[in-house]
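Everything on this sheet refers to the single structure shown next.
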Amino acid sequence: MSDKILYSLTGLFDTPDEIIAAAKKVQAEGYTKYDVNTPYPVHGMDSAMKLPMSRLPYVAMVVGLTGMFLALFFMWWTNSVDYPLVIGGKPYFALPAYVPIMFEVTVLSASIATVVTMIAIVFKFPNNSHPLLDTEYMKHVSVDKYGISISAEDPKFNYESVKSLLESLGAKNISPVYFKDEVINFKPNTFEPKFVLSLIGLFIVVSGLTYVTLNKLMYLPPFDWMMEQSKVIAQERSDVFEDGRGMRTPVEGTVARGFLPYKYKDNPDAAGKFLVNPLPATEENLQVGETKFDIYCSPCHGYLAEGDSRLKGQFPNPPSLHSAKVRNWSDGRIYHVITEGQNAMPSYAYQLSREERWAIILYIRALQRSLNAKESDLQ
Amino acid sequence: MSDSPDVFNYTKKELPSNFIKFGYAAFVVGLVLVVLSLFVDNVRSAFSGVMLLMFVASIGVGSLFWIVAEYLSGAVWSTPFRRVAEFLGAVLLVLPIIALPAYFNMHDIFHWTHEEVVKTDHYLSAKAPYLNVSFFTIRTIVFIAIWVLFYFLITRNSKLQDSTKDQNLTRKNIKLSAVFVPLFALSITFFAIDWLMSLEPHWFSTIFGVYYFSGTVLAALAAITYIVVTLSEKGYFFQGVKEDHYYSFGALLFGFVNFWAYIAFSQFLLIWYANLPEETIWYLQRWEGYWMYFSIGLIIIHFVVPYFGLLAQPSKMSPKRLKFMSLWILFAHFYDVMWITMPTYQEFGYIPGWIELGYAIFAIGLILVIFNWKAGKENLVPIGDPKLKRGINFRL
């Protein structure tokens with residue numbers, strides 16, 4: 001006994017009421033280094049021991065709220081700013097749909113932060129030992145007894161007086177706890193080979209299981225049942241229909257909203273004669289024209305319509321749109337080319353609305369003017 | 001420390017006289033207003049009658065639920081107060097009577113009772129085998145009968161135990177409770193569907209029964225909490241009603257406030273997501289005109305205020321806060337029932353008037369009068385219950 005260093009003197013109680021009374025008494029006697037161990041959190045213990053409020057809740061609140069706002073920010077930025085997509089007819093910023101995620105992230109980040117903080121700060125990670133562990137005392141207080149342990153480091157500690165105090169409180173099994181050798185000689189070593197190896201082992205097992213689950217197991221019946229459904233998938237064949245085509249063509253005579261039949265099919269001259277550009281050359285319209293021209297026309301015709309294709313000879317280079325021929329064409333004649341196509345050039349009627357086609361023509365006119373300015377433009 | 005009072009020396013005390021007087025006063029004032037309203041605005045009065053029925057049913061069947069929950073879970077902390085729930089549950093006995101005004105005005109309340117409408121309406125005629133007056137009547141009678149029957153059986157055993165101290169009675173009640181739970185789940189679901197959901201007969205929400213249930217158990221718990229705290233402050237229970245008991249009430253209230261919000265939000269989210277016209281109509285109606293403010297109010301009154309009011313640990317133990325919050329929650333439940341019922345009566349704008357107020361006062365009076373009547377006859381503490389002593393010495 002003499003060569004061992006005393007850690008504390010412990011005593012056990014049978015009921016929560018007794019332990020609370022004991023804690024109050026020990027506190028009143030002026031002891032500061034003591035601890036109470038109970039199988040479950042006994043309400044009222046904090047005030048009996050006069051403990052200050054734990055600071056862990058602040059960590060939970062700050063991290064939880066941060067998580068919540070980060071989740072909200074992330075969803076707002078991805079769904080309504082960076083890549084706005086209409087999903088299920090909902091607004092880009094669809095708050096109700098975000099609520100469950102915000103809630104989950106709040107709870108998740110708060111609980112993880114609390115646990116990590118507790119392990120790191122309260123338990124002083126990587127420390128994982130304590131003199132009370134592996135004692136008879138701990139076996140009792142983690143099952144059905146309520147214990148108090150008064151540390152020998154307490155300035156008021158005196159073996160005999162603590163013992164008689166515990167006796168007077170009615171404690172049972174009053175017994176000393178000594179530091180164990182491992183505890184005294186404990187040197188934290190985070191990179192202990194055993195620890196590192198078990199981490200690696202865990203990593204391999206977890207990733208292996210994940211791989212097998214996601215890449216093999218999910219393709220075995222019955223887990224693959226969801227994959228094969230008798231529903232039509234875009235661009236895929238489907239046995240539901242006789243002709244095997246998943247994507248159906250519209251019923252004959254179907255007309256899209258706002259559709260107007262094109263009167264000058266195969267009749268470019270009439271188009272050039274009778275069609276008039278309905279759009280005024282406002283900045284707004286020119287802006288639309290520029291955007292659409294750059295998207296749809298410039299790959300072949302070049303950004304400045306000089307016929308400098310970016311297709312590197314994979315497609316016949318078109319002629320320059322600055323030729324006298326095209327400059328002298330009416331707007332309607334160019335409109336006809338965009339609408340119907342011309343020889344190697346395909347029709348753009350499906351990609352571009354009527355307004356957009358006319359706006360492109362305004363832009364082409366502006367480009368032509370830029371290379372072949374009139375006298376009056378120079379003044 | 002464990003100076004447990006000798007519970008078997010319980011002596012019965014009269015309830016505080018102002019408690020009784022207040023009950024009678026509210027009952028009389030409410031009754032006068034209710035009768036008056038029947039003559040002034042018959043239809044509005046009938047709609048308020050639905051609210052009255054649903055609110056009182058909440059207290060009654062909710063209290064029965066808490067009794068049953070105690071038996072099934074083997075809880076001890078609530079045993080000393082179980083009688084409060086048993087007395088409140090007695091309001092189940094008057095449900096048939098207060099259902100009458102609404103029942104006789106069904107034609108004004110329930111669209112689906114109009115046979116000529118049902119004939120031309122595809123949905124209503126498809127629902128007709130369920131939604132018709134005679135089946136509706138049978139169901140209402142059966143549900144109330146189930147509740148009254150189990151209420152009677154369980155409280156009779158509990159009362160008998162006061163004199164016989166027979167522990168087997170507890171075991172019997174546990175069995176009865178186990179039988180009651182599935183019946184309870186079904187009956188309260190269909191009761192809510194019949195009396196509240198069918199106000200809007202085209203609309204449906206599969207979670208609706210749970211929604212009403214969440215409000216029901218919360219309201220009953222609030223009523224129990226209020227009475228327990230008030231009476232134990234006056235020393236009606238036993239010396240040591242401790243913070244541990246209060247804390248349990250507070251924590252349960254807090255939990256069920258969140259449960260209600262969870263269910264209410266789930267119902268909204270699913271309907272909002274699916275965006276089907278026949279489902280969204282119900283919420284759109286509650287977003288029209290004044291109803292919008294009413295709906296925002298529901299979120300604040302039924303969730304935000306009680307949530308923050310009960311969030312902190314000390315507030316769950318403070319008698320003052322508990323009394324305030326439980327009255328608040330009772331009001332919130334009435335508000336909730338009003339929010340469900342009244343848009344059918346007035347579609348665009350609605351301002352609660354003296355008729356609704358009268359019915360609310362009547363509901364309070366009715367519940368208190370019945371409580372006082374039971375408390376006058378029976379012991380406020382189940383002195384024969386084997387769990388009583390452990391309940392009194394309960395420690396968290």
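The values are calculated or read from the model by the stated rules, or taken from the named source; none is laboratory data. All values reported here derive from a predicted model rather than from experimental measurement. Please note: Cβ atoms are built from the backbone with ideal geometry, for glycine as well, and neighbour counts cover all protein chains shown. Please note that ligands, DNA and RNA were not included when accessible areas were found on the heavy atoms of the full protein model with its side chains. Shrake-Rupley method; radii C 1.70, N 1.55, O 1.52, S 1.80 Å.
Return one number: the angle in degrees, 0 to 90 and rounded to the nearest 10, between the long axis of the Cα atoms of helix A:283-292 and the longest principal axis of the Cα atoms of chain A.
Once rounded, the angle reads 80 degrees.
Pop the C-beta distance of B:Asn379 and A:Thr254 into the FRET formula with R0 = 60 Å and round what comes out to the nearest 0.05.
E(calc), rounded to 0.05, equals 0.15.
Sorted by mean Cβ packing within 10 Å, highest first, what order do the peptides A:37-45, A:358-366 take?
Result, highest mean Cβ count within 10 Å first: A:358-366, A:37-45.
Working out 0.36 nm times the residue gap between A:Arg369 and A:Ser323, then minus their Cα-Cα distance, what length gain in nm do you get to one decimal?
This chain segment gains 15.4 nm when fully extended.
Say the dipole of chain B comes from +1 at the beta carbon of Lys and Arg and -1 at that of Asp and Glu; which of B:Ser78, B:Phe55, B:Ile300 then lies farthest toward its positive end?
B:Ser78
Using a 1.4 Å probe on protein heavy atoms, which residues of region A:23-62 have at least 40 Å² less accessible area in the complex than alone?
So the qualifying set is A:His43.
Order A:Asp181, A:Asp331, B:Asp336, most accessible first, counting only protein heavy atoms with a 1.4 angstrom probe.
A:Asp181, A:Asp331, B:Asp336
Just tell me, in residue order, which DSSP H segments of chain B are both 30 angstrom or longer along the helix axis (alpha-carbon based) and at least 1.6 in mean Kyte-Doolittle hydropathy. Could you put the intermediate results ahead of the total?
Numbers: long enough: B:17-40 (34 Å, 2.02); B:42-73 (45 Å, 1.37); B:133-164 (46 Å, 0.98); B:168-195 (38 Å, 0.91); B:208-233 (38 Å, 1.47); B:243-274 (46 Å, 0.81); B:319-345 (39 Å, 0.43); B:354-377 (34 Å, 1.25).
In chain B, the long hydrophobic H runs are B:17-40.
Region B:323-363: which chymotrypsin sites (Phe, Trp or Tyr not before Pro) are DSSP loop and have at most 10 other beta-carbon atoms within 10 angstrom?
Those satisfying the criteria are B:Phe348.
Name the long-range amide H neighbours of B:Gly384: under 5 Å, sequence gap of 5 or more, or other chain; modelled H, no Pro or chain starts.
So B:Gly384 has HN proximity to B:Asp162.
Of the options A:Ile121, A:Gln342, A:Ser207, report the single residue whose Cα projects farthest towards the positive end of the charge dipole of chain A (beta-carbon charges: Lys, Arg +1; Asp, Glu -1).
A:Gln342
Lys/Arg Cβ at +1, Asp/Glu Cβ at -1, dipole of the protein assembly as shown taken about the Cα centre: which of A:Tyr363, A:Thr254, B:Ile20 is farthest positive-ward?
B:Ile20
How large a share of the accessible area of region A:6-184, in percent, is made up of carbon and sulfur atoms when the probe is 1.4 Å and the other protein chains stay in place?
Carbon-and-sulfur percentage of accessible area, whole number: 66.
Could you tell me the distance between the Cα centroids of region B:43-75 and region B:260-283, to the nearest Å?
The distance from the Cα centre of region B:43-75 to that of region B:260-283 comes to 24 Å.
Using r as the Cβ-Cβ distance of A:Asp269 and B:Ile281, and R0 as 41 Å, what FRET efficiency do you calculate, to the nearest 0.05?
0.10
So, with a 1.4 angstrom probe, what is the percent of accessible area on region B:272-329 that is carbon and sulfur? Show your work: numbers first, answer last.
On the way: 2270 of 3160 Å².
C and S atoms contribute 72 percent here.
Quick check: residue separation of B:Val304 and B:Leu31 times 0.36 nm, minus the Cα distance between them. What number comes out in nm?
Between B:Val304 and B:Leu31, full extension yields 95.0 nm more.
Please compute the net charge surrounding A:Ala234, taking Lys and Arg as +1 and Asp and Glu as -1 over other residues with Cβ under 14 Å from its Cβ.
Result for the neighbourhood of A:Ala234: +3.
Normalised by the residues of chain B, what does the relative contact order come to in percent, with Cα pairs under 8 Å and at least six apart?
35 percent
Using 18 Å as the cut-off for backbone N distance, which residues of region A:239-270 belong to the label zone defined by a point 7 Å from the Cα of A:Ala349 along Cα→Cβ?
Answer for this model: A:250-270.
Using a Gaussian network model on chain B with a 10 Å cutoff between Cα atoms, which of B:Ile367, B:Ile188, B:Ile351 fluctuates the most?
It is B:Ile351.
Which FRET efficiency value, to the nearest 0.05, is calculated for A:Phe74 and A:Met227 with the Förster distance at 30 angstrom and r the Cβ-Cβ distance?
Working from the Cβ atoms, E equals 0.55.
Take the alpha carbon gyration tensor of the protein assembly as shown, find the square roots of its eigenvalues, order them as a ≥ b ≥ c, and report rounded if a/c is under 1.5; if not, report prolate when a/b exceeds b/c, else oblate.
oblate
Roughly what angle does helix A:354-371 make with the longest principal axis of chain A, taking Cα atoms, 0 to 90 degrees, to the nearest 10?
It is inclined by approximately 70 degrees.
Rounded to whole Å, give me the distance from the Cα center of region A:65-91 to that of region A:269-334.
For region A:65-91 versus region A:269-334, the Cα centre distance is 39 Å.
Could you please state, rounded to a whole Å, how far the C-alpha centre of region A:111-169 is from the C-alpha centre of region B:323-392?
Centre-to-centre (Cα) distance: 48 Å.
Mind listing the phi-derived Karplus ³J(HN,Hα) values for region A:34-48, rounded to whole Hz, using 6.51, -1.76 and 1.60 with θ = phi - 60°, and x for any glycine or proline?
9, 9, 10, 10, 9, x, 8, x, 8, 5, x, 5, 4, 6, 5
Excluding ligands, DNA and RNA, what is the accessible area buried between chains B and A, summed over both sides, using a 1.4 Å probe, to the nearest 100 Å²?
So the buried area, both faces added, is about 1200 Å².
Among the trypsin sites (Lys or Arg not before Pro) within region A:1-104, which fall in a DSSP loop and have no more than 14 other Cβ atoms within 10 Å of their own Cβ? Provide the component values of the computation, followed by the final result.
Working: sites: A:Lys4, A:Lys24, A:Lys25, A:Lys33, A:Lys50, A:Arg55; in loops: A:Lys4, A:Lys33, A:Lys50, A:Arg55.
When the trypsin sites (Lys or Arg not before Pro) of region A:1-104 are filtered for loop state and at most 14 Cβ neighbours within 10 Å, A:Lys4, A:Lys33, A:Lys50, A:Arg55 remain.
Can you list residues from other chains, or at least 5 along the same chain, whose modelled amide H is less than 5 Å from the amide H of A:Tyr34?
A:Ser151
Report the label-to-label distance for A:Val107 and A:Asp134 in nanometres (one decimal), using points 7 Å from each Cα along the Cα→Cβ vector.
For the pair A:Val107/A:Asp134, the computed spacing is 3.8 nm.
Write down the accessible area per residue of the protein assembly as shown in Å², having rolled a 1.4 Å probe over the full set of protein chains.
Accessible area per residue: 55 Å².
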